[in-house]
Amino acid sequence: MELAVKDYFEVILREKKTAFALFDQDLILQEYSLNLKQYIAIQVKKNNPLWDVFPELIGSEDVVKSVVTRKKRRFIITKLTRFKSSGQSCYYHLTILPYTQNGYAKLLCIVSDGTQEVALEHEIQQKKYEIMLLQSTLQRSGIEAQSGFIGRSAQIQSIHEFVKKIAPVRSSTVLLQGESGTGKNLAARIIHNASMQQGAPFVEINCAGIPDTLLESEIFGYEKGAFTHALSSKKGLLETADGGTLFLDEIGELPFSLQSKFLAFLESKRFRRLGDTQERQVDVRIIAATNKDLMKAVQNKEFREDLFFRLNVINLELPPLRELDDDIILLAENFINHFAYSFHKTVSGLSDSAIKKLKAHRWSGNVRELRNVIERAVIFTENSMLDAPDLILIGAAAISDSWLESIQIPQSGISLPELEQYLINSAMNKAEGNVSRAARLLGLSLDTLRYRLKKGGTLS
Amino acid sequence: MADVVTLSKKICLLGSFGVGKTSLVRRFVHQTFEENYHSTIGVQLSQRLIALDEKAQFNLIIWDLAHIEKYDNVLKRYLHGAHGAILVFDVSRPETLEALTPMRCFFHENSKGAPCLAAANKYDLLEKDAVDFDTISRNVEALNVRCVYTSAKTDHQVDMTFRTLCSMF
Ligand SMILES: Nc1nc2c(ncn2[C@@H]2O[C@H](COP(=O)(O)OP(=O)(O)O)[C@@H](O)[C@H]2O)c(=O)[nH]1
Ligand SMILES: [Mg+2]
């Protein structure tokens, strides 16, 4: 059996994901394809006014009129969707064209499907914005509670005292020392926030892993033609941070060749861009951080002594997490609140066994490690309170009391250095000579173990 | 009822991503709230009737616009003929208030004289975060529009916001 011509159209239009509606001169619906309602999500009937069928044209009466009268050839609105409280929404593009039938001017509205095209864009955008939203939540809670440094322990209190004291002395250079993950970056921000006006720039750079020449041009900037690829001139970070703070992380990695240039800047607050003859002056507070023992680097002639003393005028030591006692729990609770809020979970607090587990852990990754452990736990837990099994701790298990008690010191006494050497050697054996793995087994930092190995003559 | 006059008005919601434009519309039109974030692409159209008095009502055509990244012809076409706009920002993200200045200007240029209102959304977060009221009010002042504190989550002044805009037509 043959299909009527009109039915053919319906099939073609459905197949091509396009719908149409034809309105007469008075903008009353005359004809439309059956698939129209799929897009506009409302029932339509013949004789419906244009504005009911396409409320998106309300406000554009002038444009519609110029299209009907052929003053305008077409009008397109892209990526439209109608709010549906349930179900998948589909997107469409609306094109309106003039049309003449039997000598009458009419309006032809074409609806073409844009769902697939938009779906891809949506997926990308959704991810991007989710990340940005999350970042700003994190940032906010950083500012809000000055978190990371909440705590009642003497060490944390003294950090607060310290920040209060040095904040007003804007010209002073500050050196932050501490294991990685102890929050040196956060401390730098807090000092910055406490001492600068709102909106003052906080610029940071990590000196590790950037090639020497690049680091120099990053910090000091360059003039056009200073080197082969310097096609235009560029401000350095010192200039970008003018009026604010420049935070140099891992200052211990600052190449020896750059150290004297940087020292000269610290002394005079003046510098030159690469390839420039003009001296520039900036008003910048320098905060430097390191997880290296700089004093030792000085002894090893890797770090200039004069620069060390210049940086070390004001020095803050950030304690490792394992020395913070009950503050570990306070911090953990703070992170729980924070992540529960970000991930829309109703988790609050820690069970007794979870508390025990947190206190017994070594936390070689410090606050950063704690934060990651809590984040993961909040995401995956099904409980309303975090329990010990929710907390996935990596690395060394804490030494249990019973194991410690089993060690008996003989009447004749022992040699602690020998015992230490024995433990180090067995860790090295277990780690098959891999120093960083052995360090993890012993709960030591890599530098500390290297130092002890040298002392014991194992490492040259 | 037969002689109730219906006035159709096109209202655009403008603001950075994630400030709660879609949530405000969802609350206003469907009386619901969603915690999960679904970003909007292009324009999402909603409609609601608001009674003005016994004789007249507004048919609000609400244009929930995606985050504006470019001030181009596409946006111009979206805003064409708008009768009013609600500029939405998130009280917990000050940068979203700053972002409203260029949006306000662009809207003003493209729909001369149409009234504008600012919605300081996520008001429910204000107690939690130490948001600085003074800074907000100072920046809103600079924007030179009326501002209503709203929460799509707790349904704080959502209806009021749309009605206030209607009163400005
Ligand atoms: N606490 C709170 N969250 C809100 C409020 N309004 C929206 N949200 C949340 O903010 C996120 C973004 O909202 P959405 O309406 O999609 O923002 P849009 O991008 O401006 O349309 C979602 O996760 C919402 O649940 C509010 O008033 N209070
Ligand atoms: Mg949206």
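The values are calculated or read from the model by the stated rules, or taken from the named source; none is laboratory data. These numbers come from a predicted model, not from an experiment. Cβ: placed from backbone, ideal geometry, glycine included. Neighbour counts: every protein chain shown. Note: accessible area is taken over every heavy atom of the protein model, side chains too, but ligands, DNA and RNA are not part of it. Shrake-Rupley method; radii C 1.70, N 1.55, O 1.52, S 1.80 Å.
Somewhere in the stretch B:108-117, is a residue within 16 Å of ligand 2 (Cβ to nearest atom) and surrounded by fewer than 17 Cβ atoms within 10 Å (Cβ to Cβ)? No: the stretch B:108-117 contains no residue that is within 16 Å of ligand 2 (Cβ to nearest atom) and surrounded by fewer than 17 Cβ atoms within 10 Å (Cβ to Cβ).
Would you confirm whether any residue within the stretch B:79-99 is more than 8 Å from chain A (Cβ to nearest Cβ), within 12 Å of the chain's Cα centre (by Cα) and surrounded by fewer than 20 Cβ atoms within 10 Å (Cβ to Cβ)? No, that holds for no residue. In the set (1) exposed (fewer than 15 other Cβ atoms within 10 Å of the Cβ); (2) within 15 Å of ligand 2 (Cβ to nearest atom); (3) touching a residue at least 24 places away in the same chain (Cβ under 8 Å), B:N36 fails one condition alone, (3). When residues in the stretch A:274-301 are screened for being within 30 Å of A:T448 (Cβ to Cβ), of a type in the set (S, T, N, Q) and either assigned to a loop (DSSP other than H, G, I, E, B) or in contact (Cβ under 8 Å) with a residue 24 or more places away in the chain (or both), 3 of them pass. Taking B:D64 as the residue in question, decide whether it is within 17 Å of the chain's Cα centre (by Cα), over 30 Å from B:V5 (Cα atoms) and within 11 Å of chain A (Cβ to nearest Cβ). No, not satisfied.
Restrict the check to the stretch B:43-61 and report whether at least one residue is more than 9 Å from every other protein chain (Cβ to nearest Cβ), crowded, with 21+ Cβ neighbours inside 10 Å and within 16 Å of ligand 2 (Cβ to nearest atom). No, because not a single residue in the stretch B:43-61 is more than 9 Å from every other protein chain (Cβ to nearest Cβ), crowded, with 21+ Cβ neighbours inside 10 Å and within 16 Å of ligand 2 (Cβ to nearest atom). Taking the criterion of being within 9 Å of chain B (Cβ to nearest Cβ) and either over 48 Å from the mean Cα position of the chain (by Cα) or over 24 Å from B:L24 (Cβ atoms) (or both), the residues of the stretch A:65-86 that qualify are A:F75, A:I76. Examine the stretch B:128-151 for a residue that is within 16 Å of ligand 1 (Cβ to nearest atom), of a type in the set (F, W, Y) and part of a helix (DSSP H, G or I), and state whether such a residue exists. No, because not a single residue in the stretch B:128-151 is within 16 Å of ligand 1 (Cβ to nearest atom), of a type in the set (F, W, Y) and part of a helix (DSSP H, G or I).
Looking at A:G349, A:G365, just one residue is on the phi > 0 side of the Ramachandran plot and either surrounded by 14 or more Cβ atoms within 10 Å (Cβ to Cβ) or in the same structural domain as A:K184 (by TED's automatic domain parsing) (or both), and that residue is A:G349.
For the stretch B:1-33, a tally of residues being closer than 24 Å to A:D52 by Cβ, open to solvent by less than 10 Å² (accessible area, probe 1.4 Å) and of a type outside the set (A, V, I, L, M, F, W, C) returns 1.
Selection of the stretch A:221-270 for residues being open to solvent by less than 10 Å² (accessible area, probe 1.4 Å) and part of a strand (DSSP E or B) yields A:G221, A:T245, A:L246, A:F247, A:L248. Would you pick out the residues in the stretch B:15-32 that are away from ligand 2 (no atom under 11 Å from the Cβ) and in contact with a helix residue (DSSP H, G or I) (Cβ under 8 Å, 6 or more places away or on another chain)? B:R27, B:F28, B:T32, listed by residue number. With respect to A:S364, determine if the residue is touching a residue at least 24 places away in the same chain (Cβ under 8 Å) and not in a helix (DSSP H, G or I). Spelling it out, A:S364 is indeed touching a residue at least 24 places away in the same chain (Cβ under 8 Å) and not in a helix (DSSP H, G or I). The set of residues in the stretch B:60-78 that are at pLDDT 95 or above and in a helix (DSSP H, G or I) is empty. Among the conditions (1) away from chain A (no Cβ under 13 Å); (2) in contact (Cβ under 8 Å) with a residue 12 or more places away in the chain; (3) of a type in the set (G, A, S); (4) over 21 Å from B:R27 (Cα atoms), B:A152 misses just one, which is (4). The sole residue among B:N121, B:N110 that is within 13 Å of chain A (Cβ to nearest Cβ) and of a type outside the set (A, V, I, L, M) is B:N110. In this structure, is B:H67 near ligand 2 (Cβ under 10 Å from one of its atoms) and open to solvent by 40 Å² or more (accessible area, probe 1.4 Å)? Answer is yes for this residue.
Count of the stretch B:21-31 residues, restricted to those that are more than 7 Å from chain A (Cβ to nearest Cβ) and over 16 Å from B:N121 (Cβ atoms), is 1. Selection of the stretch B:43-55 for residues being assigned to a loop (DSSP other than H, G, I, E, B) and in contact with an Asp or Glu (Cβ under 9 Å, 6 or more places away or on another chain) yields only B:K55. Is it fair to say A:S153 is more than 10 Å from chain B (Cβ to nearest Cβ) and at pLDDT below 95? The answer is yes for A:S153. Answer yes if at least one residue in the stretch B:26-40 is of a type in the set (G, A, S), modelled with pLDDT of 90 or more and not in a helix (DSSP H, G or I), and no otherwise. No, the stretch B:26-40 contains no residue that is of a type in the set (G, A, S), modelled with pLDDT of 90 or more and not in a helix (DSSP H, G or I). All of A:K234, A:K292, A:K224 fail the test of being modelled with pLDDT under 90 and closer than 30 Å to A:A194 by Cβ, apart from A:K292. Taking the stretch A:65-87 as the range and being of a type outside the set (D, E, K, R), in contact (Cβ under 8 Å) with a residue 12 or more places away in the chain and open to solvent by 30 Å² or more (accessible area, probe 1.4 Å) as the test, the residues that pass are A:T69, A:I76, A:T78. Only one entry in A:I190, A:I210 is part of a helix (DSSP H, G or I) and among the β-branched types (V, I, T), namely A:I190. When you check B:V158 against the structure, is it within 16 Å of ligand 1 (Cβ to nearest atom), surrounded by 22 or more Cβ atoms within 10 Å (Cβ to Cβ) and within 14 Å of another protein chain (Cβ to nearest Cβ), yes or no? Considered against the rule, which asks whether it is within 16 Å of ligand 1 (Cβ to nearest atom), surrounded by 22 or more Cβ atoms within 10 Å (Cβ to Cβ) and within 14 Å of another protein chain (Cβ to nearest Cβ), B:V158 comes out as no. Figure legend. Inter-residue proximity from the stretch B:3-20: first residues at the interface with chain A (Cβ under 10 Å from one of its Cβ atoms) and part of a strand (DSSP E or B), second residues modelled with pLDDT of 95 or more and within 15 Å of ligand 1 (Cβ to nearest atom), beta-carbon distance below 7 Å, spacing 6+ or different chains. Indicated pairs: B:K10/B:W63; B:I11/B:I62; B:I11/B:W63; B:I11/B:A85; B:I11/B:I86; B:C12/B:W63; B:C12/B:A85. Under 7 Å between Cβ atoms, which residue pairs at least 6 apart in sequence (or on different chains) link something in the stretch A:51-64 that is more than 7 Å from chain B (Cβ to nearest Cβ) with a partner that is part of a helix (DSSP H, G or I) and open to solvent by 10 Å² or more (accessible area, probe 1.4 Å)? From the stretch A:51-64, the pairs are A:L57/A:W51.
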